[in-house]
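Contents: one structure, followed by commentary.
The numbers here are math on the coordinates, done by the rules we state, and not lab data. No experiment lies behind these values; they were computed from the predicted model shown. Cβ sites come from the backbone with ideal geometry, for glycine too, and all protein chains shown count toward neighbours.
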Amino acid sequence: MNLFQRLARLLGGGAGGGQDRRTLTIYVLSHRCNEPIAGNVDLLNELSQAEEGSGYAYYTRKVLHTSGERRCFDQVEVEIWFDKNKQPIHHEVKGGRWLEEPAYQAELARFQAPPDEPEAPQHPENDTDESATKEES
């Protein structure tokens, strides 16, 4: 664990890596780059009140960017609506699709796996019938 992680743990006062009550982790898959992306929504600072009469209490919009690791750059827009307890109840994704954590983990493993190496093309050797060449001589 490096110094910054220790400091964050001390100041954050909690378990590292787990989801706390302050943030919501969201997972999407970029259609263009076929890359899984994770992002966080700060439930205390990034939510706006939803429009009256919409049936939702809060709303947020996030734009997540791909890493560019495979020379593919894209962004995925996520809109999420919440109830009065700040629990997500509806989402829309543009430029990708929503993933649950197990699907994200599977997509991440697929994305990080080394690409399959194509098999070397098999060149058939020149099949000459030796008996035919012997008969001709």
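Rounded to the nearest whole Hz, the Karplus-based 3J(HN,Hα) values (6.51 cos²θ - 1.76 cosθ + 1.60, θ = phi - 60°) of region 40-54 follow the sequence 10, 10, 7, 6, 8, 10, 9, 9, 10, 5, 6, 4, 5, x, 7, with x at glycine and proline. Remark: spin-label model distance Asn85-Arg61 equals 2.9 nm, labels positioned 7 Å along the Cα→Cβ axis.
Counting Lys and Arg as +1 and Asp and Glu as -1, each charge on the Cβ, what is the dipole of region 17-110 about the Cα centre in debye, to the nearest 20?
Numbers: 12 positive and 15 negative charges, 44 e Å.
Dipole magnitude for region 17-110 comes out near 220 debye.
Each 10 Å bin from 0 upward holds the following percent of the Cα-Cα pairs of region 17-110: 16, 46, 30, 8, 0.
Efficiency by 1/(1 + (r/R0)^6): what FRET value for Glu77 and Asp116, r their Cβ-Cβ distance, R0 = 41 Å, to the nearest 0.05?
0.80
What the phi angles of region 102-111 give under the Karplus curve with 6.51, -1.76 and 1.60, with θ = phi - 60°, is a coupling list of x, 5, 4, 4, 5, 5, 5, 5, 5, 5 Hz, glycine and proline written as x.
For region 17-110, relative contact order (Cα pairs under 8 Å, six or more residues apart, normalised by length) works out to 28 percent.
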